[in-house]
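Step one of this worksheet: look at the structure below.
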């Protein structure tokens, strides 16, 4: 039988070559894909206190080339730069106060890269200053001691928080009275 390609066997040869090219193109598209990175925790727009330990977790994969790349994830903050730690889980407690864009990124063996980002906010802690009695001073047993202090907080535009101060002793626990 004849067709516009000639004989049936010639047509089969053309279809076979075309099938191989389609398969080759489909395979090369999978290999050319960038790696994917997903930050799993913390949730986007989370808020933490200054000094709090934050566990960042993520995954990375490159199905067409390198497979699981989770161990190669690098982490960074737009405010503080590279974060200490590598891989799918790092703990960080030294982020500066403010709103951070945290980025997890990975690069595969072909220098293709992928990344994911979230925002976390770090709140500053209030500052408390004890003004009386002087550090290291002593008093007689049973004598009244006048405690004085002041407190401010950056998030409250340094407005005084003195009325919210509570007092405690490492020997006696909570002490009566509040405020500065």
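None of the figures in this text is laboratory data; all of them are computed from the coordinates on show. Nothing here was measured: the structure is a model prediction, and the numbers come from that model. Neighbour counts run over all protein chains shown; Cβ positions are idealised from the backbone, glycine included.
Between residue 140 and residue 71, the distance separating the two model label sites (each 7 Å from Cα on the Cα→Cβ line) works out to 7.2 nm. Each of 84, 141, 56, 48 was scored by other Cβ atoms within 10 Å of its Cβ. Arranged with the fewest first, they read 141, 84, 48, 56.
For segment 108-168, the equivalent ellipsoid built from the Cα gyration tensor has semi-axes of 48, 15, 8 Å, listed from largest to smallest. Counting other Cβ atoms within 10 Å as a rough exposure proxy, the listed residues 175, 95, 161 run 175, 161, 95 from fewest neighbours to most. Residue order for 102, 165, fewest other beta carbons within 10 angstrom first, comes to 165, 102.
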